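Comments concern the structure below.
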Amino acid sequence: MQSSEDKIEKSRCAQEKLTGLAATLYNQFEQGIVPHISLPSRTKANIEFSSKDDVWIYGDQETTRSVKTVRGAKTLLKTVHLAELLIKEHLQNNRGSTLREIYYISENWDIAKFHEQAESDRLIEDLEIVTALHREDFHVRPEEDGASVFGPLRLKEKTRRGEKEMHCQEDVGEAGYQIPFNVDNIEFLSHDASMVMAIETGGMYARLIENGFDEQYNAILVHIKGQPARSTRRIIKRLNAELNLPVVVFTDGDPWSYRIFASIAYGAIKSAHLSEHLVTPTARFLGVQPSDIVDYNLSTDKLTEQDMQALRSELTDPRFAAPYWDKQIRLQIDLKKKAEQQAFAGKGLDYVTKTYLPERLGEMGII
Amino acid sequence: MEIAEELAKQQKAISVAEFFEKNRQILGFDSAPRALITCVKEAVDNSLDACEDAGILPDIFVQIKKSGEYYLVIVEDNGPGIVPQEIPRVFAKLLYGSRFHTLRQSRGQQGIGISAAVLYSQLTSGKPTRVISKIAPDRPAHYCELLINTAKNEPEILRSEEADWERPRGTRVELEMEGTYVRSRRQSVFGSLKSAAIVNPHARITLVEPEGNMVVFERATESLPKKAYAISPHPAGIELGELIKLLRYTDKKKLRVFLKETFSSIGAISAQELCSRAEIDPEASPTGLDHEQAKRLHSAFKAIKVKSPPVDCLSPIGEELIKAGLEKEFRLDYIATTVRPVSVYSGNPFLVEVGLGYGGELEKESRVEILRFANRVPLVYQQGACAITHSVESVSWKNYSLGQPTGSGVPVGPAVLLVHIASTNIPFTSESKDAVADMPEILAEIDLGLKEVARKLRRYLSRQSILSERREKEEIIRKILPRIAKKLSDVLDREEPDIGPVVARIMGNLLVSRKVERENGQLSVKILVENHSDLLRSFKLHELLAEQADSITPEARVIPLGDGYDHHWKLSLAPGQKATLSYRIACRDASNGDASSAGAKMKEPVVEGLDAEIVTGARVI
């Protein structure tokens, strides 16, 4: 957990790095060099496997933003505006804004105003890359809630109103413990867990709690709520790294869910610069696997054309270039079917906790 | 009785009216929405033709009303009117008309259109057609109620009487029929009148729709189109059967005279040459020629060169009015037009006109709209079957800056194409006059016309892209760079950086920058000149100094002026080349101030021989 000296040090470092970026542009003007910044290009073609940390990071391809084009010039103007906001409003005053608020703050920036939030989000990611810092270091928060956690874990959270200690089964309601956006404000105290299970849908998360799966198998359940937020990926990473617990990911059986798994286990293309911080390389995919559709005779939906395209695109995604995924994805393309987690309910409400999960976890060597 | 005799009893003539009663799709009355469109189109065509013949600027009023389960179509014009005894046959007899036997461009040709509408109306609603017409302000109007006797193809007059009508002259027709009124599509009454307004910019057309909504297609010109005159057939491409028919029914006694009088573009010399090629006596009687001789004459037609048919049988819209018509109905950035010279297919003169509108409010990603016209009549249906569409599809539009995703087909982009074919006889694929047949001569002319406007578009766009590049750079320099510099100075708490050098680089300018340093009580001055453009720049650079400078490198010419000295260098810099000029000068106020303030007091360097907008950092004379 961060101490207050740490915080001051971090804030000073962030200010220095942002000022450094501005100074670079300033000097380019002075030297008569057309001002520009270089960034790794953030595409599927430019991510590569780092064997050092077992995660996917950006490769060597770079894109240059220069003031030679109107678009480039506007982006640089926005970058400088943003740097000023982060230095003068956030870091010097110890305040913060959400991603959405930053988008609205730009309303006053005239031609430097963002057209949509995606644009300001992207620019903040750019600043993370250029400065090798995280948006939390600039006091920028996401809008959305982080995940919920339910399981045999005792932790301490540092809040604005003091430190709170709680047990994620005994001290929480049925929805579990809601993690804060800055996961590094949490300290793990003790646990009786033997695994972490990340679950895509709220329905399945609630089913497992209702059926007492967490108690029976000493599992920490993490509800990832669709595409996982950074804080969700960060807490999974910390549970894995600090408590040395195996992580399994339980999602729907469709191409979009495999991408959820990929972003937890391999990293996301958009935020590969944070892979070392957020990715859990040892996380394993539990299901629903395409082969489960056959083995458990699950009720299914037909794949749409978009689903098919997503599957084909995954075949060329370097993150999925493993024999396991190749086999499963090709099988699904043949089946032309997908299954939801809830499909197990067709065999009885206890089927998933009594039969499917014990069998799969056994196969995977986790229990 | 023999079987053949039995059968012979059942044989009987079919009236054209009966024929069309059973084959209404041939005339364009095959669906409920289409029936209304065709009916309005036929009536409006007649009105436009009549007004043009009479030299009147058309003012046409169209109203569609719901009348019980039927629609009432009213079309009213300010044309010359129709004399009372002709009204029944014009409206209620098929194949009755004034244009079939002449070679001249007109909208109507066969005398079917409006009578077909009357026939359709009586078939679906059972109601008679009401016509009122007036031929002069001081003559009474005449009112008729008509039906067609389909067995005989003759009009049946239910009422015929004098009437009062407030118009000075004109004709009004009311038809009641089954139909469906659609608006949104191009294939609608609205769409077809809009198209008609484009190619008839001299007409004002007013439409009142069933809900009472009124649209006026205002005229864009006050001048009538050039009148088309009747001509004789042209020899090029005439068919053998047609020639034999002409030979048989001529009243000319000599072949020589027959050739000269019957055909356009054949004079005495060509007639002589034709006869000698066909080895027939020029003095022979045309009616006496046998089949073999007619055949030889026919091949002689093909062998000799005759001049193009006279243009005055055709009435093209003209480039100016095509432009006015397109401008009137679309918001456009650019319009290219062309009128092709007169050409001939099967003895019929024709010409092709093409207009292309680009940009403005047109959709960027959708397929280009093709407006097809034949003798100023919009063609709405069967776009895929038409020679115009086929020609458009076969052009490689990618070469002309329009998209064509599959490499052929209708192009994609913010453009609209207008193609008008004018001819004494348009070869339609069917009697409903929806599509022009693929005659090779016509296809070739359309192709040439399309490519002509396409080339003009390409030139326009390449000019635009140079301009827009320049505009883009200006925007960067005028609006964005100064703000970046300002923000950087805010963030860093430093002076605003000098954006001059970067501006020169982006604009491809000549950059002049001067550095002044203090050295042993003297000022040491260095001038750096950089050519960022991609052209060789030759010019003179002047420094106006109060005193004469020392250690000038490279050497400069020094000319004493009244209040100082002009030092100048003749320079010539290749793209990307730099030159450094330096000199020393006595420092006047050695006691106070630093080098930069001394530099600031000096006059700006002056460049002579270049345009001001391509020089940064110096004054230009």
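Since every read-out is calculated from the coordinates, none of them should be taken as a lab result. Remember, predicted model here, so these are calculated numbers, not experimental data. Positions of Cβ are backbone-derived with ideal geometry, glycine not excepted, and every protein chain shown enters the neighbour counts.
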Please give the Cα centre distance for the range A:5-46 versus the range B:333-393, rounded to the nearest Å. 57
Testing the spin-label approximation: label points 7 Å from Cα along Cα→Cβ at B:K9 and B:Q577. State their distance in nm. 11.0
Using Cα atoms only, what is the angle between the long axis of helix B:319-329 and the major principal axis of chain B, expressed in degrees (0 to 90) to the nearest 10? 90
Simple spin-label model, 7 Å along Cα-to-Cβ: A:S51 to A:I367 in nm? 3.7
Below 15 angstrom from the Cβ of B:R619, what's the summed charge of the other residues (Lys, Arg +1; Asp, Glu -1)? -3
Taking the inverse of the average 1/r across all pairs of different Cα atoms in the range B:297-395, what Kirkwood radius in Å do you get? 15.9
Restricting things to Cα coordinates, could you compute the convex hull volume per residue of chain B in Å³? 300
Test of understanding: what is the full-extension gain from B:E242 to B:D164, defined as 0.36 nm times their sequence separation minus their Cα-Cα distance? 23.2 nm
In degrees between 0 and 90, to the nearest 10, how far off the longest principal axis of chain B does helix B:189-199 point, with axes built from Cα atoms? 70
For A:H36, A:H223, A:H90, A:H115, order by how many other beta-carbon atoms lie within 10 Å, fewest first: A:H115, A:H36, A:H90, A:H223
Rounded FRET efficiency, nearest 0.05, which uses the C-beta distance separating A:A175 from B:E475 and R0 of 41 Å: 0.20
Give the lysines reachable from B:K252 as a straight Cα distance under 19 Å; neighbours fewer than 8 places away on the same chain don't count. B:K260
Please state, rounded to one decimal and in Å, the Kirkwood hydrodynamic radius that the range A:104-207 gives when every pair of distinct Cα atoms enters the mean of 1/r. 16.6
Using just the helices of chain B, give the 222 nm mean residue ellipticity in deg cm²/dmol: DSSP H runs with n ≥ 4 each add -39,500 (n - 2.57), and the total is spread over all residues, rounded to 500. -9500 deg cm²/dmol
Rounded to whole Hz, the Karplus (6.51, -1.76, 1.60) HN-Hα couplings of the range B:465-475, x for glycine and proline: 5, 5, 4, 6, 4, 5, 4, 4, 4, 4, 4
Sorting B:T221, A:T24, A:T159 on the 10 Å Cβ count, fewest up front, what's the list? A:T159, A:T24, B:T221
Where a ≥ b ≥ c are root eigenvalues of the Cα gyration tensor, a/c under 1.5 meaning rounded, otherwise prolate if a/b exceeds b/c and oblate otherwise, the protein assembly as shown counts as oblate
Once you compute Rg and the Kirkwood Rh from C-alpha atoms, what is the Rg to Rh ratio for the range A:182-311? 0.98
Net charge near B:K570: determine it from the other residues with C-beta under 11 Å of the C-beta of B:K570, scoring Lys and Arg +1 and Asp and Glu -1. 0
In Å and whole numbers, how far do the C-alpha atoms of the range A:1-122 stretch along each principal axis, longest first? 40, 39, 33
Using only the alpha carbon atoms of the range B:384-503, find the Kirkwood hydrodynamic radius as the inverse mean reciprocal pair distance, in angstroms to one decimal. 18.5
For the range A:34-184, report the translational diffusion coefficient in µm²/s to the nearest whole number, using Stokes-Einstein at 37 °C, 0.692 mPa s, and a Kirkwood Rh over Cα pairs. 181
Which of A:Q328, B:M214, B:Y400 sits farthest toward the positive end of the charge dipole of the protein assembly as shown, with +1 on the Cβ of Lys and Arg and -1 on the Cβ of Asp and Glu? B:Y400
In nm, the gap between the two label points placed 7 Å beyond Cα toward Cβ at A:K44 and A:T316 is 0.6
Cα-based convex hull, the range A:146-249, per residue volume (Å³, whole number): 86
Two decimals is fine: what's Rg over Rh for chain A, C-alpha atoms, Kirkwood radius as Rh? 1.00
So how far, in whole Å, is the C-alpha centre of the range A:64-141 from the one of the range A:242-273? 28
Compute the angle between helix B:240-249 and the longest alpha-carbon principal axis of chain B, please, reported from 0 to 90 degrees and rounded to the nearest 10. 50
Anyone know which of A:Y296, A:Y103, A:Y177 comes out most mobile in the 10 Å Cα GNM of chain A? A:Y296
Could you put B:L36, A:L99 in order, starting from the residue whose Cβ has the fewest other Cβ atoms within 10 Å? A:L99, B:L36
Pairs over 26 Å Cα to Cα, from A:K68/B:K456; A:K78/A:K270; B:K93/B:K433; B:K515/B:K540; B:K253/B:K295, come to A:K68/B:K456
Can you list, bin by bin at 10 Å, the percent of alpha carbon pairs in the range B:23-82, starting at 0? 22, 43, 28, 7
Please state the charge dipole magnitude for the protein assembly as shown, taken about the Cα centre, from unit charges on C-beta atoms (+1 on K and R, -1 on D and E), reported in debye and rounded to the nearest 20. 2460
What number, rounded to the nearest 500 deg cm²/dmol, is the helix-based mean residue ellipticity at 222 nm of chain A, given -39500 (n - 2.57) per DSSP H run of at least four residues and division by all its residues? -12000 deg cm²/dmol
What the 10 Å binned alpha carbon P(r) of the range A:230-288 shows, as percent of pairs per bin from 0, is 27, 54, 19, 0
Any idea what the relative contact order of chain B is, in percent, if you count C-alpha pairs under 8 Å spaced at least 6 apart? 10
So B:A151 and B:S276, fully extended at 0.36 nm per residue minus their Cα-Cα distance, gain in nm 39.8 nm
Under 15 Å, Cβ to Cβ, from B:K364 - net charge with Lys/Arg +1 and Asp/Glu -1: -3
